[in-house]
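Visitor: Encoded as structure tokens, here's the structure I'll be asking about.
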Amino acid sequence: MDKLVTLISGASRGIGRAVATRLSHENHFVVLIARNAEEISELEFEIDEAGGKAQSFAIDITQPEQVQSTVDQVIKDFGRVNCLINNAGVGIFKSADQFSTDDWDQVMDVNVKGSFLLTKAVLPSMKAAGAGHIVGIASDVSKRTFANGSLYCASKYAQHAFFEALRREVRSLGIKVSVIYPGLVDTYFHDGEPGQEHRSGYLQPRDIADAVSYILQAPKHVLIDELMLHPMCQEW
Ligand code: NJP
């Protein structure tokens, strides 16, 4: 059976890396996207060594030309994009009056515009195929807010709205849109390295990879609209 061609943004670390590794064991050719060329090609090598198939692109998803040329290259090489995992994201946490306009642009550009640009680039081939699956890694703060999180929450609410509206647009064309809303996950997203004692109860990146795998394996007639996951230690 032909492998599914799956793009994963933010694949160099954390959740994206776990998703890429997991899917590479499950009949996906994984296209790895992140800015850090060294990290992303290291993962490509690891996946290849383990018998999987991967290709890495060191690009910035906020840059329309870089996103479009990556997707063009994938379509040239493979003729299709079956799945897109919109995972890359950043957070900056401060009181609203302390944010700079650069902070605002950075968070909105990666979390919202980046998801839009990748989606826009893959949709024509999915529409032509009458099939495809777009998964968004949003956040539980797409549906609640917290102090000092105004910018991040605004970006995640926007991402949630984008994917919800998109689902209504494309489901009649055979394209699925699913969104995962995680709580705390032990990644580089928080200050410092993963694995610190106080984060021992957090979700692990592999828990989100399991959720992505489950969503993508649903039978053709089943659409999993959304999944919310929290660690037992986090009250929502
Ligand atoms: O974050 P982290 P997570 N262009 O920092 C990449 C959401 N989430 O895995 O570009 C391209 O370990 C970056 O690579 P690089 C969160 O909002 C998390 O935790 O080389 N790629 C790296 O691979 C986000 O949407 C938690 O720096 C860009 C990756 O993104 C998603 O989960 C809770 C990029 C970030 O890896 C993954 O976050 C929650 C760009 N411009 C939601 N900018 C949580 N961890 O607790 C960044 O509710 N990347």
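The values are calculated or read from the model by the stated rules, or taken from the named source; none is laboratory data. Every value quoted in this text rests on a predicted model; they were computed, and no experiment measured them. Reconstructed Cβ throughout: ideal geometry from the backbone, glycine too, with neighbour counts over all protein chains shown. Surface areas here come from the heavy atoms of the whole protein model, side chains and all, with no ligands, DNA or RNA. Shrake-Rupley method; radii C 1.70, N 1.55, O 1.52, S 1.80 Å.
Visitor: Place a +1 charge on the Cβ of each Lys and Arg in segment 88-236 and a -1 charge on the Cβ of each Asp and Glu, then give the dipole magnitude about the Cα centre in debye, rounded to the nearest 20.
Guide: Values: 14 positive and 17 negative charges, 173 e Å.
That gives a dipole near 840 debye.
Visitor: Based only on the alpha carbon positions, what is the Kirkwood hydrodynamic radius of segment 170-210, in angstrom? List each step's numbers first, then the result.
Guide: Values: mean 1/r = 0.0815 Å⁻¹.
In segment 170-210 this quantity evaluates to 12.3 Å.
Visitor: If you don't mind, there's one more thing I want to ask. I'd like the projected area of segment 1-73, averaged over all directions, using the convex hull of its alpha carbons. Report it in nm² with one decimal.
Guide: Projected over every direction and averaged, the Cα hull of segment 1-73 covers 4.5 nm².
Visitor: With all distinct Cα pairs included, what does the Kirkwood hydrodynamic radius of segment 66-148 come out to in Å, to one decimal, could you say?
Guide: 14.6 Å
Visitor: Another question, then. Normalised by the number of residues in the chain, what is the relative contact order in percent for Cα pairs under 8 Å and 6+ residues apart?
Guide: Averaging sequence separation for qualifying contacts and normalising by length gives 20 percent for the chain.
Visitor: When the distances between all Cα atoms of segment 4-229 are binned every 10 Å from zero, what whole-number percent does each bin get?
Guide: Result returned by the calculation: 8, 34, 40, 16, 2, 0.
Visitor: Arranged from highest to lowest average of other beta-carbon atoms within 10 Å per residue, in what order do the peptides 55-62, 10-17 appear?
Guide: 10-17, 55-62
Visitor: Heads up, I need the accessible area for C233: 1.4 angstrom probe, whole protein in place, Å², nearest 10.
Guide: The accessible area of C233 comes to roughly 90 Å².
Visitor: Could the peptides 207-219, 186-198 be put in order, highest first, of the mean number of other beta-carbon atoms found within 10 Å of their residues? Show your work: numbers first, answer last.
Guide: Working: 207-219: 17.7, 186-198: 12.2.
Taking the mean over residues of other Cβ atoms within 10 Å, the ranking is 207-219, 186-198.
Visitor: Excluding A211 itself, calculate the net charge of residues whose Cβ lies under 11 Å from the Cβ of A211, where each Lys or Arg counts +1 and each Asp or Glu counts -1. It would help to have the intermediate numbers written out before the result.
Guide: Details: positive: R22, R206; negative: D207, D210, E226.
Computed value for this residue: -1.
Visitor: So, one more: How large is the accessible surface per residue of the chain, computed with a 1.4 Å probe and reported in Å² as a whole number?
Guide: Normalised by residue count, the accessible surface of the chain is 48 Å².
Visitor: Give me the distance in nm between label points sitting 7 Å out from Cα along the Cα-to-Cβ direction at D97 and Q73, one decimal.
Guide: Here the answer is 4.7 nm between the modelled labels.
Visitor: How many lysine pairs are close in segment 107-236, with Cα atoms under 25 Å apart and the two 8 or more places apart or on different chains?
Guide: 14
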